[in-house]
Amino acid sequence: MEQKIKNYVSGAIVFALIVVSISAWIYAGSFAKQVDPASLRTFSVSADGKVISVPDVATFTFSVITEGGKNLGELQKQNVEKVNKAIAFVKDNNVEDKDIKTQQYNVEPRYQYSNCSSYGATVCPPAQIVGYTVRQSVLVKVRDFEKAGDIISGVVEKGANSVSELQFTIDDPTKVLADARAQAIEKAKEKAEQIADETGFSIGKLISIDEGSYYPVAQYRNAKVMNATEIYGMGGASDMAAPAIEAGSQEVTVTVNLRYEIK
């Protein structure tokens with residue numbers, strides 16, 4: 001009797017193991033088919049959506065560079081005064097605090113090197129600090145293009161001796177990107193339907209969608225990007241007229257790739 005019970009228990013265990021194995025095999029096959037597109041017959045299509053938009057923000061960087069002797073405190077004072085005047089001018093032209101950002105503040109020594117050849121081959125005096133250079137750079141974002149040229153010339157008149165990196169951009173590209181994306185998806189769908197009709201198969205469910213790079217950097221059409229340092233040089237104030245600022249237009253592109261099941 002005891003032997004029969006053992007036989008029953010062993011048989012039940014073996015049967016349970018078989019059931020578990022079969023269930024696991026079925027589940028694994030079903031799961032793999034769901035998550036692995038390679039288990040399906042699929043095809044993919046891609047398309048671009050392009051939207052031409054006019055930039056609504058101009059950004060530029062101005063710097064005040066002050067060079068002098070060893071009186072570092074005086075150099076810093078002169079530099080700060082000029083920067084503060086330039087920033088105050090920018091604010092007076094309705095540029096908000098959030099659109100003005102200090103990007104860089106550097107204090108660097110200037111060295112004088114000796115002609116070592118006059119001291120022999122083995123002796124050379126160390127370089128001597130003869131003065132300092134103080135540089136402060138500020139990034140400005142201008143939303144009113146009609147004032148951009150006046151602001152650029154104005155900061156130079158207030159003491160900035162370097163203005164550069166004038167760029168145009170879209171402050172909030174969300175809507176532009178959404179329009180380009182919708183256009184790309186619609187084109188990709190039309191392409192998929194055309195391929196299916198011409199090859200005689202039916203389109204199944206959408207398996208995946210991928211979006212490629214879509215926001216080209218510094219790509220402008222008919223934009224006049226003018227380096228104010230080249231316009232005014234390093235001499236500070238000038239009686240030259242304010243530069244013309246024309247943003248042109250910018251092409252925003254979204255690329256999508258759709259993969260469908262083939263029925």
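The values are calculated or read from the model by the stated rules, or taken from the named source; none is laboratory data. Bear in mind the structure is a predicted one, so any value in this text is a computation, not a measurement. Note that each Cβ is placed from the backbone with ideal geometry, even for glycine, and that neighbours are counted across all protein chains shown.
So which residues in the stretch 199-213 are more than 41 Å from the chain's Cα centre (by Cα) and not in a loop (DSSP other than H, G, I, E, B), if there are any at all? THR199 - this is the single residue of the stretch 199-213 that is more than 41 Å from the chain's Cα centre (by Cα) and not in a loop (DSSP other than H, G, I, E, B). Residues ILE207, ILE195, ILE185: which one is farther than 30 Å from VAL57 by Cα and out of contact with any helix residue (DSSP H, G or I) (no Cβ under 7 Å at 6 or more places or on another chain)? The match here is ILE195.
In the set (1) in contact with a Phe, Trp or Tyr (Cβ under 6 Å, 6 or more places away or on another chain); (2) without any contact (Cβ under 8 Å) to a residue 12 or more places away in the chain, LEU72 fails one condition alone, (2).
Check the stretch 125-140 and report whether any residue there is farther than 30 Å from ALA247 by Cα, of a type in the set (Phe, Trp, Tyr), in contact (Cβ under 8 Å) with a residue 40 or more places away in the chain and touching a strand residue (DSSP E or B) at 6+ places or on another chain (Cβ under 9 Å). For the stretch 125-140, residues farther than 30 Å from ALA247 by Cα, of a type in the set (Phe, Trp, Tyr), in contact (Cβ under 8 Å) with a residue 40 or more places away in the chain and touching a strand residue (DSSP E or B) at 6+ places or on another chain (Cβ under 9 Å): present.
Residues checked against (1) among the charged types (D, E, K, R); (2) closer than 30 Å to GLN128 by Cβ; (3) within 30 Å of the chain's Cα centre (by Cα); (4) modelled with pLDDT of 95 or more:
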site: MET1; (1), (2), (3), (4): no, no, no, no
site: VAL20; (1), (2), (3), (4): no, no, no, no
site: TYR27; (1), (2), (3), (4): no, no, no, no
site: SER44; (1), (2), (3), (4): no, no, yes, no
site: LYS50; (1), (2), (3), (4): yes, no, yes, no
site: ASN84; (1), (2), (3), (4): no, no, yes, yes
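Of all residues in the stretch 29-53, those that are within 18 Å of LEU258 (Cβ to Cβ) and part of a loop (DSSP other than H, G, I, E, B) have Cβ atoms under 8 Å from Cβ atoms of residues that are of a type in the set (Lys, Arg) and modelled with pLDDT under 90, 6 or more apart or on another chain, in LEU40/LYS33. Within the stretch 86-117, the residues that satisfy the criterion of being within 28 Å of VAL130 (Cβ to Cβ) and either among the basic types (Lys, Arg) or touching a Cys at 6+ places or on another chain (Cβ under 6 Å) (or both) are ARG110, CYS116.
Just to be sure, is GLY159 buried (at least 16 other Cβ atoms within 10 Å of the Cβ), out of contact with any strand residue (DSSP E or B) (no Cβ under 6 Å at 6 or more places or on another chain) and at pLDDT 90 or above? Quick ask: steps written out before the conclusion?
On the way: buried (at least 16 other Cβ atoms within 10 Å of the Cβ): yes; out of contact with any strand residue (DSSP E or B) (no Cβ under 6 Å at 6 or more places or on another chain): no; at pLDDT 90 or above: yes.
Answer is no for this residue.
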